[in-house]
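Below is one structure, written out as structure tokens; comments come after it.
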Amino acid sequence: MSIGQVGGPILSRLYFLHGGNRRWFSSWLLTAGFPILIIPIAFSYARARSSTTAGTRRLLVTPWLFMASAFLGFLIGVDSYLYSFGLSYLPISVSSLLGSTQLAFTAVFAFVVVKQKFTHYSINSVVLMTFGSIILAFNMDGDRPRGESNGKYVLGFFMTISAAALHGFIMPAVEYTNLKAGKAVTYDLVMQVQLLISMFATLFCTVPMIINRDFQAISREAGDFELGATKYYTIVVLSAIALQFLIIGSLGVIFCSTSLLGGLVSSLLVPLQQVFGVIFLHERFSGEKAMALAMCLWGFASYLYGEYKRNYKKPAAQKESEGEAV
């Protein structure tokens, strides 16, 4: 998840900064790396065949999970386009800070969809991170890319917010799918569902790419790329792999814990995006961005403290009862 969330946006931004302008192609790259999942799935299958439980380790996906995967894949396809559209107009520092509002949306949707407990610490984090994003809106003219109109910058701003909101819904939806799976959710099942979700998301983005003739334009775009064709294809391939790592990591965190923790980890990685964006893309880090980042970190710390109090400061009687239950 760290590799994907830090490296993916930087590689995607490099694509747009140096001549790439195919948004559906960029959206397609967000999930097109799904064939790499065949490696762990094949390894798991081979290990199962050599064990005594080989007869029970076949295709684990039920019709419900198949339909849920198709629906989630469609949502991720839409989210990929919104994200790519926003990233094409915004600096990585702004887009990552806007993306940090995903925690707020994830917290709200987790409360509604999977009945996640919602404390005043969660509310505090939602408010702080929302205001942190609003601060960016008042400084949009300060770091708009050269030659870009105010209208496009504003559109990129709201498209990125929309992508964060949709992603905030997708994570609890994945957790809800696990809860309603009707069977034990294992590593093998998660990997198979992940493969289906990414495959359907890629198919969703492939249709408009065919209509827009994006596949035919790839070689021409590579020839016109400012850094050269070799670096163009390198950026494209690494971007697809890194972003697939992000999806694998996100579903893995949900599998091991909850969608809300996935939102927390995502927000925790935002400062790292800022650092790498300034180092590698030479983007400006203004005082307004620093204030917005501080509010996002403050919101994250507030939620983390609330979880600490809830999980590690339980009454002694409750701890004893839980110990007896174990």
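The values are calculated or read from the model by the stated rules, or taken from the named source; none is laboratory data. Here the structure is a predicted model, which is why all the values come from computation and not from measurement. Cβ placement follows ideal geometry from the backbone for every residue including glycine, while neighbour counts extend to all protein chains displayed. Surface areas here come from the heavy atoms of the whole protein model, side chains and all, with no ligands, DNA or RNA. Shrake-Rupley method; radii C 1.70, N 1.55, O 1.52, S 1.80 Å.
Please specify each residue of the stretch 236-271 satisfying the condition of being open to solvent by 30 Å² or more (accessible area, probe 1.4 Å) and under 18 Å from Ile41 (Cβ atoms).
Ile241, Phe245, Ile248, Phe255 - these are the residues of the stretch 236-271 that are open to solvent by 30 Å² or more (accessible area, probe 1.4 Å) and under 18 Å from Ile41 (Cβ atoms).
What are the residues in the stretch 16-59 that are at pLDDT 90 or above, out of contact with any Asp or Glu (no Cβ under 6 Å at 6 or more places or on another chain) and of a type in the set (Phe, Trp, Tyr), if any?
Hits for the stretch 16-59 are Trp28, Phe34.
Taking the stretch 308-318, which residues are surrounded by 11 or more Cβ atoms within 10 Å (Cβ to Cβ) and at pLDDT below 75? Lay out the reasoning, then the answer.
We begin by selecting, within the stretch 308-318, every residue surrounded by 11 or more Cβ atoms within 10 Å (Cβ to Cβ); these are 308-310, 314.
Answer for the stretch 308-318, where residues must be surrounded by 11 or more Cβ atoms within 10 Å (Cβ to Cβ) and at pLDDT below 75: just Lys314.
Tell me the residue from Gly151, Gly132 that is open to solvent by less than 10 Å² (accessible area, probe 1.4 Å) and either part of a helix (DSSP H, G or I) or at pLDDT 85 or above (or both), please. Steps first, please.
Numbers: Gly151 fails: open to solvent by less than 10 Å² (accessible area, probe 1.4 Å).
So the residue among Gly151, Gly132 that is open to solvent by less than 10 Å² (accessible area, probe 1.4 Å) and either part of a helix (DSSP H, G or I) or at pLDDT 85 or above (or both) is Gly132.
Checking Leu87 against (1) over 24 Å from Val275 (Cα atoms); (2) at pLDDT below 80; (3) outside any loop (DSSP other than H, G, I, E, B), only one condition comes out false. Which one?
Just one mismatch for Leu87, condition (1).
Kindly check whether there is at least one residue in the stretch 169-189 that is at pLDDT below 90, part of a helix (DSSP H, G or I), closer than 22 Å to Phe245 by Cβ and within 17 Å of the chain's Cα centre (by Cα).
Looking through the stretch 169-189, none of the residues is at pLDDT below 90, part of a helix (DSSP H, G or I), closer than 22 Å to Phe245 by Cβ and within 17 Å of the chain's Cα centre (by Cα).
Applying the selection to the stretch 1-47, what residues are open to solvent by 50 Å² or more (accessible area, probe 1.4 Å) and not in a helix (DSSP H, G or I)?
Answer for the stretch 1-47, where residues must be open to solvent by 50 Å² or more (accessible area, probe 1.4 Å) and not in a helix (DSSP H, G or I): Asn21, Arg22.
Starting from the stretch 105-123, take each residue that is open to solvent by 60 Å² or more (accessible area, probe 1.4 Å) and list its partners that are hydroxyl-bearing (Ser, Thr, Tyr) and at pLDDT 85 or above, counting only C-beta distances under 9 angstrom and pairs at least six apart or across chains.
Once the first residue is open to solvent by 60 Å² or more (accessible area, probe 1.4 Å) and sits in the stretch 105-123, its partners that are hydroxyl-bearing (Ser, Thr, Tyr) and at pLDDT 85 or above give Phe109/Ser259.
On the given criteria, is Val94 assigned to a helix (DSSP H, G or I) and at pLDDT 80 or above? Spell out the reasoning first.
Numbers: assigned to a helix (DSSP H, G or I): yes; at pLDDT 80 or above: no.
For Val94, the condition - assigned to a helix (DSSP H, G or I) and at pLDDT 80 or above - is not met.
Name the helices (runs of 4 or more DSSP H) wholly within the stretch 197-292 that hold at least 3 residues that are among the hydroxyl-bearing types (Ser, Thr, Tyr)?
By residue number, 229-256, 259-268.
Looking at Gln102 and the list (1) open to solvent by less than 10 Å² (accessible area, probe 1.4 Å); (2) polar (S, T, N, Q); (3) modelled with pLDDT under 85; (4) under 18 Å from Leu264 (Cβ atoms), which single condition is not satisfied?
Evaluating Gln102 over (1) open to solvent by less than 10 Å² (accessible area, probe 1.4 Å); (2) polar (S, T, N, Q); (3) modelled with pLDDT under 85; (4) under 18 Å from Leu264 (Cβ atoms) leaves (1) as the failure.
Return the pairs, sorted by first residue and then second, in which the second residue is in a helix (DSSP H, G or I) and open to solvent by 60 Å² or more (accessible area, probe 1.4 Å), the first residue lies in the stretch 179-208 and is within 14 Å of Ile248 (Cβ to Cβ), the beta carbons are less than 7 Å apart, and the residues are 6+ apart or on different chains.
So the pair list comes out as Val190/Phe255; Leu196/Phe66.
Has the stretch 232-242 got at least one residue that is touching a Cys at 6+ places or on another chain (Cβ under 9 Å) and on the phi < 0 side of the Ramachandran plot? Give the steps one after another, and end with the answer.
If we filter the stretch 232-242 for residues that are touching a Cys at 6+ places or on another chain (Cβ under 9 Å), which is where we start, we get none.
No: zero hits.
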